[in-house]
Amino acid sequence: MTCRVAIIAYEGCSAGVLMSAADVFSHANLLAQSLDPQMEKPFHVQLVTQDGASVRSSNGYPLPVNGDLSLIQPGDIALFHGTPLADEEQTRQALRRWPSLTSWLQANLPQLRLFACNYSGSQLLGEQGLWQASPPSIRQRLMDMFKDNSSSSVMGIQAENVLCVPLNTSFVDLCMSVVARFSGSNFARNVAREMAVDYPLSPADGFLSRNILGSSLVGNANSLVSRAEAWIQANLSREVKVEDVAQQMAVSTRTLIRHFQEQINQTPQGYIQQLRIEKCKLLLATTSLKFSQIVDRCGYSDESALRKLFKKTCQVSPSEYRRQFTDK
């Protein structure tokens, strides 16, 4: 279940912001395939412009694009980062620069899976009457959030299939929110960790928040635990016992357990189970595989055992967890 993402560029846009957005989805794809090389990439990203012509960013850097707005299909995700608009005059000027985009939004917004934008993007929507609330009301709500530095404001406003963030610098956070919405919050945190950017942890998630898929939990890549982690992750699709890991590391089972507990405060068995749950969650969120197929890819031979472990760890059943993403 690959999500198609279109990033809308225009003359004078911020190349750094748009490329950072593309990087979020690229890292998500790399992380997903490092976990399971057989799975399809969760995101397919295209850079588009109003007429399909390449544009120059605000720093003069040319941006090659994949095509025009017609590449965006019903059910796609569209991202728009507008330049800062300080007053009504700047808003009118922007609307004159984006004529094809405004008319395209009027015709296609209801068919999009999601339209994600920053503050000036919301002004564009407001001017076109595409917000349910009036533009002044939306503007005031955004300004209120701008003054609120709490982490709860990072998600901005959501109206039906629209997400908006109040700060230009929070556009990467918005992309992380898109990843979380369609691939799971814990997966988004893992992507953020890989990119060395902050992503808020929600205690309401009820899911694992410490493990980083495809990465080591210890800093020393040559340590016993780091090498054991790498071997476990490479062999996660088959049955892996603690004794197998110890044998591969040329140490006793007792020594392996002691090193794991000292370095990551966890047993090897606990670590293996944690990775399997993470892989199961990702496959449930991003593929249409049957649960029996997921069980096999997670290295389990007992479907009932994995189902019980999943329910105990995540507080929801596998089917309930998947429903969070299929219902969007």
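Every read-out reported here was derived from the displayed coordinates using simple, explicitly stated rules and does not represent laboratory data. These numbers were taken from a predicted model, which means no experiment stands behind them. Positions of Cβ are generated from backbone atoms using ideal geometry, with glycine treated the same way; all protein chains shown enter the neighbour counts.
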Residue separation times 0.36 nm, minus the C-alpha to C-alpha distance between Q33 and E239: what's the value? 72.2 nm
Whole number please: convex hull volume per residue, Cα atoms of the range 1-89, in Å³. 118 Å³
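Using only Cα atoms, what is the ratio of the radius of gyration of the range 224-326 to 2.2 N^0.38 Å?
Working: Rg = 14.6 Å, N = 103, 2.2 N^0.38 = 12.8 Å.
Compared with the compact-globule rule of thumb, the range 224-326 sits at 1.14.
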Could you work out how much longer the chain between S103 and E262 gets when fully extended? Use 0.36 nm per residue separation minus the Cα distance between them, nm to one decimal. 51.2 nm
Förster-model FRET efficiency, 35 Å R0, V316 and R56, C-beta, rounded to 0.05: 0.15
Determine which residues of the range 1-27 fall in the zone a paramagnetic label at N161 would reach in this model, i.e. backbone nitrogen under 17 Å from the point 7 Å along Cα→Cβ. 2-8
For L71, what charge total do you get from the other residues with a beta carbon under 13 Å from its beta carbon, if Lys and Arg give +1 and Asp and Glu give -1? -2
